[in-house]
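Only one structure is covered here, and it is reproduced in the block below.
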Amino acid sequence: MRFTPSVVASAALLSTANAAIKGFNYGAQFNNDAAKTLADFEYEFNAAKNLPGTDSWTSARLYTMIQHGTQNTVIEAIQAAINTKTTLLLGLWASAGQESFNNEITALKAAIAQYGTAFTDLVVGISVGSEDLYRISADGAGGNPGTQPDVLVDYIKQTRDAIAGTSLSGAKLGHVDTWQVYVNASNNAVIDNLDWIGMDAYPYFQSSFANGIGAGGDLFFDAYNQTVAATKGKPVWVTETGWPVSGETVNQAVPSADNARIYWEDVTCKLVNDNVNLYYYILQDVQWGNPSPSFGIKPGGDLAQVSPLFDLSCPAAAKNADPSKVIGNGYVAQLSPTMSTVFVFDVRPEDQGKTCNLAFHMPPASPWPDMSPVKIRSPGGIIVSSVGQQAASAEISANDVGSSNFVGWVPSIQPANQYNIASVPCAAGQRVAYQIESTGGLTMDFFQMTVPPLGLFMSVS
């Protein structure tokens with residue numbers, strides 16, 4: 001048997017008519033703590049628009065509304081965005097107490113009053129806080145204090161009250177935090193009060209996993225799918241991700257420009273193709289200092305003069321505007337309300353006249369969940385359909401898959417079970433493909449294996 005799963009991005013996620021937001025994260029100061037000025041922000045925003053191999057990276061995510069070094073003066077990035085026609089994901093810093101948050105609200109109101117719709121028409125969303133829940137967790141203990149969930153919910157309500165009746169009243173409110181926060185049920189009240197979810201994920205830092213660059217894409221999308229499953233249907237934006245170009249090796253993760261390029265292709269290009277709102281970290285982070293690790297796409301120097309450290313173009317397949325692009329072959333399958341997987345089997349010529357039996361196998365639950373080859377994020381079942389033989393190709397679109405024919409279904413997938421899907425005449429000497437789709441809210445990913453059997457198998461009788 002030859003198994004070739006191809007992850008399919010379904011129309012439920014990707015059929016949006018408008019291109020998703022693409023942009024970068026922008027701090028309020030340089031590494032030497034000098035405040036960025038209007039000219040600095042303008043220069044950065046314009047540089048982002050002119051990166052070779054890219055287009056439409058025209059949005060900026062800010063961490064604060066306050067000009068660095070002042071109490072509550074509006075950050076000069078606002079005027080820079082107006083001047084350069086850069087859209088804005090606003091940020092209100094929420095990890096320094098109520099008095100500090102009052103200053104954020106004061107600056108937000110002042111920006112609305114000062115700039116009016118020239119400003120508010122550029123706003124794509126407002127993030128109330130950034131990694132505040134992570135900082136109070138065991139993983140983020142120490143350093144800058146975070147914010148408790150109930151306090152964050154109150155800040156969200158204060159922000160809604162502040163923009164009510166203004167030209168920013170229709171703005172969608174979100175929160176930015178690490179993916180681990182959203183799968184923690186103790187933070188559900190925050191999710192309930194948001195319009196969208198901002199997820200930060202860095203496989204480089206996941207030192208308890210096999211986190212070499214070859215696993216970077218899998219680790220990222222595992223985090224993304226867990227977040228999607230936990231956030232109750234709220235849109236998930238990727239607000240920070242990237243791979244460092246320099247710094248220390250963390251477990252198996254080696255910083256380098258070559259590895260950053262691989263991560264860009266495996267993660268960034270896939271997100272762009274899938275129309276997921278994305279803010280990459282970061283355009284440049286080595287001005288007036290050398291952070292370690294460094295994630296900057298561009299090295300130190302004049303942004304308009306220095307070249308990116310790696311190729312920023314996306315493969316033709318990833319740039320394809322077809323929202324139903326099928327990509328990638330391997331042994332890792334993903335199923336969710338927005339992802340399905342195609343399985344391909346080579347049927348031997350000697351199986352002419354025999355019966356081919358399709359079955360989906362689930363092994364017993366593992367005593368070590370973190371090491372299990374299957375992870376069920378949310379319960380549900382599967383639908384199995386036959387698709388065209390051309391779906392066996394590694395680079396196919398939805399048009400290649402063509403029409404599908406229902407074969408069978410399982411209403412609920414449970415550990416330690418074999419589900420007999422269907423028995424059909426063997427297509428001797430041919431390559432056949434079957435698509436598994438999620439139903440009933442199932443979100444799971446697994447590694448197709450034979451001992452113990454896990455995944456979709458075809459036997460001959």
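Things worth noting here:
- Pairwise FRET efficiency - Ala416 versus Ala39, Cβ, R0 = 60 Å, nearest 0.05: 0.40
- Rel. contact order, % - alpha carbon contacts under 8 angstrom, at least six apart, the chain: 17
- Links that overshoot a 30 Å alpha carbon limit, given the list Lys85/Lys232; Lys22/Lys109; Lys36/Lys232: Lys85/Lys232; Lys36/Lys232
- For the range 258-320, trypsin sites (Lys or Arg not before Pro) meeting the loop criterion (DSSP other than H, G, I, E, B) and having at most 14 other Cβ atoms within 10 Å: none.
- The chain: antiparallel DSSP beta bridges as a percent of all, rounded to 5: 65
- For the range 117-178, the relative contact order is 50 percent, taking Cα pairs closer than 8 Å that sit 6 or more residues apart in sequence and dividing their mean separation by the residue count.
- Across the range 219-227, rounded Karplus estimates of 3J(HN,Hα) from the backbone phi angles (6.51 cos²θ - 1.76 cosθ + 1.60, θ = phi - 60°) give 4, 4, 6, 5, 5, 4, 5, 5, 5 Hz, Gly and Pro being marked x.
- Phi-based couplings in Hz for the range 176-186 (Karplus 6.51, -1.76, 1.60; Gly and Pro marked x): 10, 7, 6, 4, 4, 5, 6, 8, 8, 4, 5
- Each Lys or Arg adds one and each Asp or Glu subtracts one; over the other residues with Cβ under 15 Å from the Cβ of Pro337, this totals 0.
- Sparsely packed loop sites in the range 52-124 (the trypsin sites (Lys or Arg not before Pro) outside DSSP H, G, I, E and B with at most 16 other Cβ atoms within 10 Å) comprise Lys85.
- Amide proton proximity set for Thr439, modelled H, under 5 Å, gap of 5+: Gly381, Ile382, Ile383
- Rounded, prolate or oblate (a/c below 1.5 giving rounded, otherwise prolate when a/b exceeds b/c) for the range 86-191 by Cα gyration tensor: prolate
- Seen from Ala39, the other residues with C-beta closer than 14 Å to its C-beta sum to a net charge of -4, counting Lys and Arg as +1 and Asp and Glu as -1.
- Order of Asp161, Asp195 under a 10 Å beta carbon neighbour criterion, fewest first: Asp161, Asp195
- Computed 3J(HN,Hα) for the range 434-445, one whole-Hz value per residue from the Karplus formula 6.51 cos²θ - 1.76 cosθ + 1.60 where θ = phi - 60°, is 10, 9, 9, 10, 6, 9, x, x, 4, 10, 8, 9, glycine and proline marked x.
- Under 13 Å, Cβ to Cβ, from Ala304 - net charge with Lys/Arg +1 and Asp/Glu -1: -2
- Between Leu89 and Ala60, Arg61, Leu62, Val124, the built amide H atoms are under 5 Å apart, and every one of these is 5 or more places off in sequence or on another chain.
- The length gained by stretching the chain between Ser207 and Glu350 to full extension, at 0.36 nm per residue less their Cα-Cα distance, is 46.6 nm.
- Distant-in-sequence amide contacts of Val250, defined by a placed amide H-H separation under 5 Å and a gap of 5 or more residues or a different chain, comprise nothing.
- If you take the Cα centroid of the range 24-92 and the Cα centroid of the range 168-208, the two points sit 22 Å apart.
- Using alpha-carbon coordinates, inclination of helix 38-49 to the longest axis of the chain, degrees: 20
- Cα-projected label distance for Ser100 with Ala427, points at 7 Å along beta-carbon direction, nm: 6.0
- log₁₀ of I(q)/I(0) at q = 0.10, 0.14 Å⁻¹ - the chain, Debye sum with one point per alpha carbon: -0.77, -1.35
- Label point distance in nm, Ile82-Val306, each placed 7 Å from Cα along Cα→Cβ: 3.1
Read the figures in this text as sums done on the coordinates, not as results from a lab. Just so it is clear, the model here is predicted, and its values are computed rather than measured. Cβ sites come from the backbone with ideal geometry, for glycine too, and all protein chains shown count toward neighbours.
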